[in-house]
Amino acid sequence: MSDVKNLKPADNHIIQINKIRLLDPETNTDDVRSVWIKNGHLIDQPSDFKSVSKTIDGQGKWLVPSLVDLCARLREPGEQQHGTLKSEGQAARANGFLHVVIPPDTKPVLESGALLPGLRQKAYDDGGIFLHVIGALTKGLEGKQPANLAGLKQGKCIAVSNARHSFADNDVLFHTLEYAATLGLTVFFYPEDAVLAQDGCVHDGFMAARQGLAGIPAIAETVALSTQLQMVEATGVRAHFSQLSCAASVDLIAAAKDKKLPVTADVAMHQLYLTDSSIDGFNSAAHVRPPLRSEEDRLGLRAGVAAGIIDAICSHHEPLSATAKMMPFAETQAGISAFDSFMALGIGLVRDGLLSPLELVTQISLIPAAIAGVHQTWKSMGGWLLVDPELQWTLDATEIKSAGKNTPFLGSALTGRVVEVFV
């Protein structure tokens, strides 16, 4: 991040870790060895053993590069009652996310390129993370006319998006994507047809009908996704589709990739574990957008991750205050506080045989860095995580580092955790 000033002084101590399983997707390494870390970077074995200031027994543990999150809401600017760059940045860093991508639907909307350097600097100063900003695709996210995309590019936004806001019509969408394409900007989509979604708050299925809640049908996602993919094909814009929730969406992305369209996709970690059954009893902790869907969808998303059709896994971290989840279900705010459970759930995918350890690390570090266009920053800034994949712990409120305690995994027995961060 060339505009982040006053980096913290380097720690010149060398850390030696013995018998560690090194998982490095940059070099495709999965090997047990001794390693040495200085200033957050792996170095060759020092010639003078006296220069080693700390030795760690790494047996049974993993060493992985810093994580990159393609979607998290840190609640600042505009919603500091739920969290701040300090609270959520520190929570991200403690759980291994040194690079975090935020969407543009803050308050105010992120549509001024001139304001982005200051926001990134504040995230570094307050939270110790590298913030990567998605700028607004249309003015005020109103979907009527393009935002100042050239100014946003000059302000070093990593992409542009209209978040979950709709467009006035497809003509506006088409010409806005043409504009983004001419500037070489990536467009992030969060596919949802507003007309089909209407005032829904959960998946349109048995659980919604049983509890009398308005549903959002899966077709609300796939209709929007189909249209957006056709626009991508027509304009040639580079596109990333974030937080897929339906098995049918995986099929559409697979078909787009078969046609060699410039598209990538991610899924939120909780979508690989939870279904709409989690909302039973009006459990507002499971109120999230896009909604938790059917078991068939969950299995389809998992298959998409295993096959590499879904390129990356994001946290979709959305911290909320306790009061935001206390109203009747439909009136509560959607969101799950996800940083603290992320690594344990990822390791669970390895235990389930869905991914190898190296494949998991690739999908939560290297590939997201490439999608966000921050690979060189990710690589040059370094940062390594010591992970204990067998550590058993319980996610209770005291264990959650985020200001938001809103998670359906609260009280769950988890296995695996980031135990130390070397930066």
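Descriptive notes on the structure:
- If the condition is being aliphatic (A, V, I, L, M) and either open to solvent by 70 Å² or more (accessible area, probe 1.4 Å) or assigned to a loop (DSSP other than H, G, I, E, B) (or both), then the stretch 16-32 contributes only Val32.
- Single unsatisfied condition, Cys157 versus (1) under 12 Å from Leu110 (Cβ atoms); (2) open to solvent by 10 Å² or more (accessible area, probe 1.4 Å); (3) not in a loop (DSSP other than H, G, I, E, B): (3)
- Filtering the stretch 103-130 to residues that are within 24 Å of Phe342 (Cα to Cα) and in contact with a strand residue (DSSP E or B) (Cβ under 6 Å, 6 or more places away or on another chain) leaves Pro103, Pro104, Arg120, Ala123, Ile129, Phe130.
- Filtering Glu390, Glu359, Glu399 for residues that are over 26 Å from Ile310 (Cβ atoms), touching a Gly at 6+ places or on another chain (Cβ under 9 Å) and open to solvent by 40 Å² or more (accessible area, probe 1.4 Å) leaves a single hit, Glu390.
- Sole residue being in contact with an Asp or Glu (Cβ under 9 Å, 6 or more places away or on another chain), open to solvent by 30 Å² or more (accessible area, probe 1.4 Å) and among the aromatic types (Phe, Trp, Tyr), chosen from Phe174, Phe206: Phe206
- Among residues that are surrounded by fewer than 23 Cβ atoms within 10 Å (Cβ to Cβ), in contact (Cβ under 8 Å) with a residue 40 or more places away in the chain, basic (Lys, Arg) and closer than 14 Å to Gly113 by Cα, Lys139 is not included.
Residue-wise test of (1) among the hydrophobic types (A, V, I, L, M, F, W, C); (2) closer than 30 Å to Thr186 by Cα.
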{"residue": "Leu22", "(1), (2)": "yes, no"}
{"residue": "Asp30", "(1), (2)": "no, no"}
{"residue": "Val64", "(1), (2)": "yes, yes"}
{"residue": "Cys71", "(1), (2)": "yes, yes"}
{"residue": "Gln80", "(1), (2)": "no, yes"}
{"residue": "Gly113", "(1), (2)": "no, yes"}
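- Against the list (1) in contact with a Pro (Cβ under 8 Å, 6 or more places away or on another chain); (2) open to solvent by less than 20 Å² (accessible area, probe 1.4 Å); (3) farther than 20 Å from Leu225 by Cβ; (4) not charged (D, E, K, R), the condition Gly348 fails is (1).
The values are calculated or read from the model by the stated rules, or taken from the named source; none is laboratory data. Please read all numbers here as calculations on a predicted model, not as lab measurements. Every residue, glycine among them, receives a Cβ derived from its backbone with ideal geometry; neighbour counts consider all protein chains shown. Just the protein is used for accessible areas: all its heavy atoms, side chains included, with ligands, DNA and RNA removed. Shrake-Rupley method; radii C 1.70, N 1.55, O 1.52, S 1.80 Å.
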